[in-house]
Structure formats: C-alpha cells, structure tokens
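Please read the structure below before turning to the comments.
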Protein chains: 2
Amino acid sequence: MINRKSTKDESKTIEKYALSTDLLIFSVSRGEAKDCRSLSDKFFSILLVKRTKEPFKGMWCLPGGFVKNDETLDMAADRVLTKETNLHDIYKEQLYTFGDLDRDPRTRVITTAYMALIDKEKLTDELSLEASWFNISLNEKDNLININLDNSEEQIHISLKRIIEDETTNKYKYEVVQNNNVAFDHANILMTGLDRIKNKVRDTDIVFNLMPEYFTLGELQQIYEVILGKKLLDPAFRRIIADKVIKTDKTIKTGGHRPSAMFKYKRK
Amino acid sequence: MINRKSTKDESKTIEKYALSTDLLIFSVSRGEAKDCRSLSDKFFSILLVKRTKEPFKGMWCLPGGFVKNDETLDMAADRVLTKETNLHDIYKEQLYTFGDLDRDPRTRVITTAYMALIDKEKLTDELSLEASWFNISLNEKDNLININLDNSEEQIHISLKRIIEDETTNKYKYEVVQNNNVAFDHANILMTGLDRIKNKVRDTDIVFNLMPEYFTLGELQQIYEVILGKKLLDPAFRRIIADKVIKTDKTIKTGGHRPSAMFKYKRK
DNA sequence: CTAATAGTGTCTATTAGACAGTATGTT
DNA sequence: AACATACTGTCTAATAGACACTATTAG
C-alpha cells in the first residue's frame, strides 16, 4: 500500500502564483508582387510587441497580460486580443500552459498561451506603438529548426532543436540554440504554436480564419503552402478543398492572366 | 490608435492564484471471459479517487494536487502519478488548463490537467484506500454523450452535451446535463481527455502505452476497438499496424482455438 | 506572340473497406 | 464435429500524386 493520504493534501497552506496569458496572433501578410503579372508573395506573420521595461527591455515578446480575478483564462485572452487588434469574435484556441520555474526572472509566472488567427484586412485601427507584424519564415532540417522573423526594419533569428520526448506520439520539446531578440520563453511558445497550426491545417478548416470573405483558390493555396512550407499540386489541392468552398459570381482580374473566380468558405 | 500602453501592465499589483494539476490516469481492464473459449472483454478504464472531505465529500474525482513552488507543472503531475501508481516513466501529456471562476467552491483554483496511460499489469502495489479503477463505457448520439463509469461496486452516470464552439476546427465544449457523483468540473476534464485520446489513437502509436511488452494482435485490436467505440475489420487492422509491431517467437494458447503469435511494439 | 495564372482531364499508385476463405487449437 | 479465434487472399472503392493539357488575360 503506497499512500493512504487524501490525494489533495488540503491541510497545508497553498502556494499561490501569478498567472498570465500570452497570445500568438497569427495572420497573413501580402508581400510585393514581382511584376504586374505575378501574384503577390504571401507570408505567414505574427504580431509581436517590443518590451519597454526590464527585464528583456527592447526585445520582442508576445502580447499578453495577467489574468484578473474576475476573468476566466479565455476572457483574459480575449481581452488581450481585443486590446491589440480592436477586433471581436476572432478564432482562438488554448495552446499550452508553460510553468517552468524561471521563465520570468522577476517572480514565478505561469502562462497559458493562446493562439489566434485573424484576417489582417479586418484590422481598421492602427497597431499600438510597440506592436509590429513579423513575417515568419521557417525551415527545418535534421531536427534543427530555423525561424526568421522580419518586420522590414528588424530581423530576428531563432534556432531551436527539436527534441523527441516520446516515441509513440509525436511529442516534442524544443531547446533554444540561438535567440538574441525574443524575450522570456516566447520563442518556445511560438514554435509550439507553429507546430500546432501546421497539424491543424492538414485536417481542419482552420486556414479559413485567415481569409477574407471572398478569395481566389490561388490565394487560398498560397496560404496552405506558406504554412505547410511546401508547394502543392493544383488538381490535388482543388479536389481536397472542393467541398469546403462555394464558388460565387464574383471574379477578379489581378494581372496579365485569366481572371479567377472568387470563392467563399462553405460552413458546415 | 487603440492602446499605447504596454501590453503587460506591470504597475498594478498582480493577483495570485492557487494552481493544481489533475490527472486522467487511463488504463485497460480485463473483464470476465464468457466461457473458456472466448477472449476476455476489455474495458478502457480510469483511476478515480473518493473525496474524504468537503466540498463534494463522498463523490469521486481525479487524482490531483497543488503545484509546489519548486515544481514545474510536469513535475507536479509526475509526483501525483507516482503517488497514485508507484510507477515511473509513464506516458503523460498536458491536456488543457481549466480556469473557470467557480470550478472550486472554496477559492479560485486553476488546474492544468494531464492525461497518463499505463499498462495496469505493471502495477505491483495496491491502490490507496480511496482510489479505484472505473471501467468506462461511452456512447454518443446527436451530440448527447453518455458516460458510464463502473468499478463493480458503484455506477456513475454522466450526460454531457457536445457544443460546437467553432465550425472551422473541431473545437467543442461540453455542458454537463447530468452528473451526480463526479466532483468539481472533473466530468468536463474527463470528456476532454476521452476526445483527445480518441483522436490520438487514429494517428499516433499512443495505444502501445497501454500494452504490456508482449501482446497478441487480437488484444491490441480490442484496445483500439474499445477506445474508438467500434469494431474494426481484421485485415484492415492488421495492414495498418503491420509496420508498428514485430512478431516474436512466443505464442500463447488462450483457449479453444488456434494459438496466436505474440508481438512487440516496434519503436521508430 | 509570351508570360502568368486559372482551371480541367486522366492515368496511376496507394490506401481503405469488405468479404470469403483457410488454420489450428479446445471441448 | 462445433466453436472460437488466428490469420491470409483478393476484389473493389476511394483517395492521393503526377503530369499534360486548355483557357484567358495584359503587354
């Protein structure tokens, strides 16, 4: 017999901790078109905030905030999301809770990270002064992940090693190899989110949260490609999404080529 | 311009909260064989603990405990897991963090739930007095979920309504319709875990954490069937798991039929 | 004409589902 | 022989990958 005590030992005084929520706010940025005939490049992008105080002053971090005592975690995440974007009814999901001992050098802070996806065209208000969109480019080779973040003024480079935690499932953790400009453990949180969305893109309709109401299949395919990090074949792509979209009457002429039909997301 | 303030307002005093971890410890129980020729029925089962104190005194809950100030969340989960099972190196994964305002009637407690899978045959020590394995039977029709938990002395019945939170992904929440014997929001946590494992069974090797070192394909198939809640066709099942297992020399005679080969999990 | 993207047809390879059948033990 | 499970062969249906082709616009 191993232990006869009650599972939760409620006799001792209970330690209390600061709780925060940090948000991975993802979107898609349109780059420059090479010439008038080309489609613009697309980038998967994330909203980061420049820290104005120590610790990590001047470095970039995820938008976040402490959980208030009249708020659920979801409500706290929504508050931060609305504060940063001034948008409501945005897709978000809880990502993971990070509770390492020294993730904040001041005091112990446990953070529940959320991931949100927005259509950047819905943004009407300017960003706050310290916030900025960074284009993400990601490549991985032999479990070494390189992330480049670019907001056209600054370039951040992060290297992470993917460490397999369990062989039966695809459970990883990440070891930061190089990171000079992302505060706290937020590089780790970012990578957790990038893996999550990559998996969800394959077997859910999550990408449509990044799309405007009307879009072309070419644009949609670009988003899939930029998140999955590989080219897709047109016929295969169109087969797969055929029953997820509705063709509309609208067409769009984007350059020196056949105009394309605009589609809408077909909700179930 | 929406808000120029720093994202984390660090000037105010920060609220602090009690943090706990609750564990879904899953395993497989062997039921009675109908006759000497049949294989024993298998049940997917979970370890619950009877509460000895108010609130919810006498009701069943998940094993859990408060996070200590020198522990990460993972460490706290491991501590609870070892306390309940006396086992080490058990598969576990973080499930979700529940932070509703009134989930504990005493004071606000945020809990990070973990899910662990064990091979019950590895258990050598007796359970603690208040702990007991409950066989799970689950059925769902028209988004109404019925869960029956049975430890051969008590039967617990839970009904939950599955509420679709988002159409693009398969994101649900659950509304408890009926629950007379599971404490706190643990019925909700249980259902979150059941959905998680069902999804993981399809596209990972997670089930092997429930298996002993040597097993027959019939037994393995039973586990898949009991978790997925449906019968599988033999040839299709064997095709899918063919490259996940290694055939060994061992065979086993379990009754009035052809003896079956024993297999091992083939790690990648 | 060319360049660029839009969009389709079709062949093939792979995978999933279904069912029938054989194998080998106990009672 | 009857039964229960172990295990295999094979047909078919559905899906994924690959490539070739046509369509339509601007310049």
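The values are calculated or read from the model by the stated rules, or taken from the named source; none is laboratory data. Please read all numbers here as calculations on a predicted model, not as lab measurements. Note that we place each Cβ from the backbone using ideal geometry, even for glycine, and neighbour counts take in every protein chain shown.
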key: Residue under evaluation residue B:129, criteria (1) touching a residue at least 24 places away in the same chain (Cβ under 8 Å); (2) assigned by TED's automatic domain parsing to the domain that holds residue B:78, criterion not met   = (1)
remark   = Exception for residue B:214 within (1) more than 9 Å from DNA strand D (Cβ to nearest atom); (2) surrounded by 16 or more Cβ atoms within 10 Å (Cβ to Cβ); (3) under 24 Å from the mean Cα position of the chain (by Cα) falls at (2)
inquiry  = Just checking: which of the strands (runs of 3 or more DSSP E) contained wholly in the range A:1-71 hold 1 or more residues that are at pLDDT 95 or above and hydroxyl-bearing (Ser, Thr, Tyr)?
reply    = A:16-30, A:42-50
message = Can you confirm whether residue B:140 is closer than 28 Å to residue A:66 by Cβ, outside the structural domain of residue B:28 (by TED's automatic domain parsing) and in a strand (DSSP E or B)?
response = no
key: Residues that are more than 24 Å from the chain's Cα centre (by Cα), in a strand (DSSP E or B) and either away from DNA strand D (no atom under 13 Å from the Cβ) or more than 21 Å from residue A:39 (Cα to Cα) (or both), drawn from the range A:258-268   = A:262, A:263
task = Output the number of residues of the range A:244-268 satisfying the condition of being closer than 29 Å to residue B:167 by Cβ and touching a residue at least 40 places away in the same chain (Cβ under 8 Å).
result = 7
request  = Mind counting the residues in the range A:257-268 that are exposed (fewer than 12 other Cβ atoms within 10 Å of the Cβ) and under 21 Å from residue A:203 (Cβ atoms)?
outcome  = 2
inquiry  = Can you tell me how many residues within the range A:86-117 are within 15 Å of the chain's Cα centre (by Cα), more than 7 Å from every other protein chain (Cβ to nearest Cβ) and of a type in the set (Asp, Glu)?
reply    = 0
message = So for the range A:140-150 (the condition being within 26 Å of residue A:264 (Cα to Cα) and not β-branched (Val, Ile, Thr)), does at least one residue qualify?
response = no
query = How about the range B:179-237: which of its residues are of a type in the set (Phe, Trp, Tyr) and within 25 Å of residue B:163 (Cα to Cα)?
reply = B:184
task = Identify all residues within the range B:208-257 that are out of contact with any helix residue (DSSP H, G or I) (no Cβ under 6 Å at 6 or more places or on another chain), near DNA strand C (Cβ under 9 Å from one of its atoms) and part of a helix (DSSP H, G or I); write none if there are none.
result = B:234, B:235, B:236, B:239, B:240
task = Tell me which residues, restricted to the range B:164-184, are surrounded by fewer than 20 Cβ atoms within 10 Å (Cβ to Cβ) and either within 15 Å of the chain's Cα centre (by Cα) or closer than 17 Å to residue B:25 by Cβ (or both).
result = none
task = Would you mind stating whether residue A:192 is outside the structural domain of residue A:113 (by TED's automatic domain parsing), surrounded by 16 or more Cβ atoms within 10 Å (Cβ to Cβ) and not in a strand (DSSP E or B)?
result = no
inquiry  = What's the number of the only condition in (1) outside the structural domain of residue A:99 (by TED's automatic domain parsing); (2) within 16 Å of DNA strand D (Cβ to nearest atom); (3) not aliphatic (A, V, I, L, M) that residue A:199 fails to meet?
reply    = (1)
query = Looking at the range B:57-84, which of its residues are acidic (Asp, Glu) and surrounded by fewer than 22 Cβ atoms within 10 Å (Cβ to Cβ)?
reply = B:70, B:71, B:74, B:78
remark   = Selection over the range A:243-256 where residues are within 14 Å of DNA strand D (Cβ to nearest atom) and surrounded by 11 or more Cβ atoms within 10 Å (Cβ to Cβ) yields a count of 6
request  = Restrict the check to the range B:55-64 and report whether at least one residue is touching a residue at least 24 places away in the same chain (Cβ under 8 Å), touching a Gly at 6+ places or on another chain (Cβ under 7 Å) and aromatic (Phe, Trp, Tyr).
outcome  = no
ask   = Being modelled with pLDDT of 95 or more, within 16 Å of DNA strand D (Cβ to nearest atom) and surrounded by 12 or more Cβ atoms within 10 Å (Cβ to Cβ), is that true of even one residue in the range B:227-237?
value = yes
ask   = Hey, residue A:177 hits all of (1) assigned to a helix (DSSP H, G or I); (2) more than 14 Å from chain B (Cβ to nearest Cβ); (3) of a type in the set (A, V, I, L, M, F, W, C); (4) more than 16 Å from DNA strand D (Cβ to nearest atom) but one; which does it fall short on?
value = (1)
remark   = If you go through A:27, A:38, A:20, the only one that is within 16 Å of DNA strand D (Cβ to nearest atom) and either among the polar types (S, T, N, Q) or in the same structural domain as residue A:119 (by TED's automatic domain parsing) (or both) is A:38
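Are any of the residues in the range B:36-47 within 28 Å of residue A:66 (Cβ to Cβ) and out of contact with any helix residue (DSSP H, G or I) (no Cβ under 6 Å at 6 or more places or on another chain)?
So far as the range B:36-47 goes, no, none of its residues is within 28 Å of residue A:66 (Cβ to Cβ) and out of contact with any helix residue (DSSP H, G or I) (no Cβ under 6 Å at 6 or more places or on another chain).
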